[in-house]
Structure formats: C-alpha cells, structure tokens
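The structure appears right after this line, and notes come after that.
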Amino acid sequence: MSTFFKGRHFITTQDFSKEEIDLLLDLSKELKMKFVVDEPTPWLLYKTVFMIFFDESTRTRNSIEAGITQLGGHAHFLTPDKMQIAHGETAADTAKVLSRFGHAIAIRACKFAQGNNYIRTCAVNSCVPVLNLQDDVYHPMQALADLMTIRERFGENLRGLKVGISWAYAESHLKPLSVPQSQLLLFSKYGMEITLAYPEKFDLMPDIVEKARQNAAKSGAKISITHSMEEAFEKADVVIPKNWGGFFVSQNEKEILEETRKHTDWICDERKMKLAKPGVIYMHALPADRGNEVADSVIDGPSSVVYDEAENRLHTAKAVMALTMGGR
Ligand code: CP
C-alpha cells in the first residue's frame, strides 16, 4: 500500500485509492483519541495554511484553523474582497505567490461551473498542496468525515450497508451539489448499497454519477436512482437527506427556487424515519434548514449523529493536513 501523501493535492477522494482513504481514516481515529486525552500532536510545527474562502463557513473554516493550530502550525483566514482577487488577480498568480510563503493553500469556492476550475488552476500553479474546502463539484473533507462517522457506528466492513442519500426541501440558500456527489463517489468505493433520491430536474452531474458507477463496478457497491424520498428510507441503515440546488433546472436563481417550492413535502420527518431499519442513523453535513429539510424531532432525536459527524470534520481535516503537508 502506498503511504506517499506528502505534497499531494486533496481536491477529490477520486484521486486516492481505498487503501489510502483507509489510512487517512485510521490516522483520523488516532488523532481523535489523542484529542480526547489532550495529548499534543505537534506534527506540523511552524507550518502555514492559507485559507481562501469565497463562501461562508462554520465547520470547514474552524476545523482547518483549529486543526492546524493543534498540529503546531498556523492558518491565515483570507477572503477575496480583502485580497487582490477583488482587483482581478488571477488564480495562477495568487497560487504561485502564496505557495512560496507557506505549506498549503486551502480553498472554498462553490460558484457553479467556476469553483472547481479555480481550485484546479491554483493546484497546477502551486508548489504546495492545495486542499479543497468545497467547490461546486466536490466536498471531500465532508465526505471523509461522513465515512468516519459511519465506520464508528457500523465498523470497517461496509459492504451491503444500505445508505439513502436524498434531496430535501430547503429555503435557506442554494446549496451546492458537492456534498451528495462526494458521498456518492466515496461510499461507492466501499461496496455500499446506495439509493439516491431526488425530484425530477434535481439531477447530480452525470459524469460524477458515471464515476460512482465505475467505483461500484470495482467494489461491488450498488447504486439506484429514484424520484421517491420514501424509497431512499426503505430499510436504510443510514439516511442523509439534504438540499441541493437545481442547477440543471436553470442558471436563474428565481427559476430554481420556483421549482424547489414544488417539493416542500421532501422533509425528513418521523414518518419517513420509521421506514428505515430500527438502528438507522440520520446524518446531515450542517447547517440544516430545520423545519424544511428535517423536523426538529429527527435532528435532535436518538437517531441523529450530526454532532459526531461535525466533530469528525476536525479529526479528518487534521489527518489530511498531517499527511499532505507533513508525512513522507
Ligand atoms: N458542512 C460544512 O461544510 O459546513 P460549513 O459550511 O459550515 O463549513
């Protein structure tokens, strides 16, 4: 198995083998244990991460910032309006300069049809790892934390685990496709039985679904697509209902919202949870649109693991940084 991570970009889990993901998760578990017993982990002493956030964040920013501090390094929180990006400085020039100053560039850029291109342009122009903190296509940090949470509940052999990934109604903002797409890509490496549910017109990107099907052909995973939320919940071990924007409906936000409002019944409530297995876990990357995506009684109820899932963002982020910025 390759243990070579140093200097690699972390843009999508597709760039890593299952064995490499397992190693990342094993290290995340070790870092979690050390955090619990307050054992210092000064593995990235004096190293700098530049974080560029084009979009808002609670979990991602703070897991990276707290994570690098706990590893002995430091993060700069940067927003384009305070950088020369606001005056048109290119992604290439930004990456060439920042990569000469520090040890990683971490970027959140979720604008549809632009974010991933920006991150990839930075990556080819950076001499240090570029870490994807969510773009329009991928959110690998989230998927990794989700997989860690699932392993904590169901063990390491996840073959045949029944997972429902479903669209859910929300009013808060147009959420990127990147969370369900990254879950689909990662879980399909692990032989899970995945049901993907969404209303018509809320498709994920076809090339991502195709890549997930290729993963499934290798791992023995099964992927089925339905337009019924209930089907995703039927006898599921794990349910992950979450909104994403209908970016294939239109490029016009008003038209997407009009289409979204036709599906207010796509809420994760107790009736739907009863369709799942008795030990089902409810997951959500957060922030959740309470009362629209999910009923309070579910997200605050006994099946919910959302705060474990959020905590695991810290441990997995530390593992990604420790291996790509340090390591061999
Ligand atoms: N799940 C997630 O990425 O949360 P933030 O948007 O708060 O970073």
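Laboratory data are not the source of any read-out in this text; all were calculated from the coordinates shown. In this text, all values refer to a predicted model and were calculated from it rather than measured experimentally. In this analysis, Cβ positions are derived from the backbone assuming ideal geometry, glycine residues included, and neighbour counts consider all displayed protein chains.
Computed extension length for Arg261-Arg159: 33.1 nm, one decimal, from 0.36 nm per residue of separation with the Cα-Cα distance subtracted.
What shape does segment 223-306 take by its C-alpha gyration tensor, where a ≥ b ≥ c are the square roots of the eigenvalues and a/c under 1.5 counts as rounded, a/b above b/c as prolate, and the rest as oblate? Since a/c reaches 1.5 and a/b is larger than b/c, the shape of segment 223-306 is classed as prolate. By the rule of a C-alpha distance below 26 Å, with chain neighbours fewer than 8 residues away ignored, the lysines paired with Lys18 are Lys6, Lys29, Lys32, Lys34, Lys162, Lys189, Lys211, Lys218, Lys222, Lys242, Lys318. GNM remark for the chain: springs join alpha carbons under 10 Å apart, and the peak mean-square fluctuation among Glu309, Glu193, Glu89 falls on Glu89.
If you sort the three axes of the alpha carbon gyration tensor as a ≥ b ≥ c, you get a/c of 1.5 or more for segment 232-280 and a/b above b/c, which makes it prolate. Across Asp55, Asp135, Asp146, mean-square fluctuation computed from a Gaussian network of the chain (C-alpha pairs under 10 Å connected) peaks at Asp55.
Ordering Thr316, Ser166, His9 by the projection of their Cα atoms onto the charge dipole of the chain, which places +1 on the Cβ of Lys and Arg and -1 on the Cβ of Asp and Glu, puts His9 at the extreme positive end. Reported to the nearest whole Å, the Cα centre-to-centre distance from segment 43-81 to segment 137-167 is 24.
In this label model, Glu234 and Tyr307 are separated by 3.5 nm, measuring between points 7 Å along each Cα→Cβ vector.
If you take the square roots of the eigenvalues of the alpha-carbon gyration tensor of segment 140-309 and sort them as a ≥ b ≥ c, do you get rounded (a/c under 1.5), prolate (a/b over b/c) or oblate? Here segment 140-309 falls in the oblate category. Return the FRET efficiency for the residue pair Lys6, Arg290: r is the Cβ-Cβ distance, R0 is 41 Å, and the value is rounded to the nearest 0.05. Efficiency for this residue pair is about 0.50. If the chain linking Thr90 and Ala217 were pulled fully straight, counting 0.36 nm for each residue of separation and taking away their Cα-Cα distance, it would gain 41.8 nm. Taking the C-alpha atoms only, the angle from helix 91-101 to the longest principal axis of the chain is near 50 degrees. Take the Cβ atoms of Ser172 and Thr79, set R0 to 25 Å, and the FRET efficiency comes out at 0.75.
Residue ranges 214-223, 230-239, 7-16, 125-134 sort as 125-134, 230-239, 7-16, 214-223 when ordered by packing (mean number of other C-beta atoms within 10 Å per residue, highest first). Could you tell me the distance between the Cα centroids of segment 282-328 and segment 202-281, to the nearest Å? Cα centroid of segment 282-328 versus Cα centroid of segment 202-281: 18 Å apart. Taking each residue as 0.36 nm, the span from Met33 to Ser17 lengthens on full extension beyond its C-alpha to C-alpha distance by 3.3 nm.
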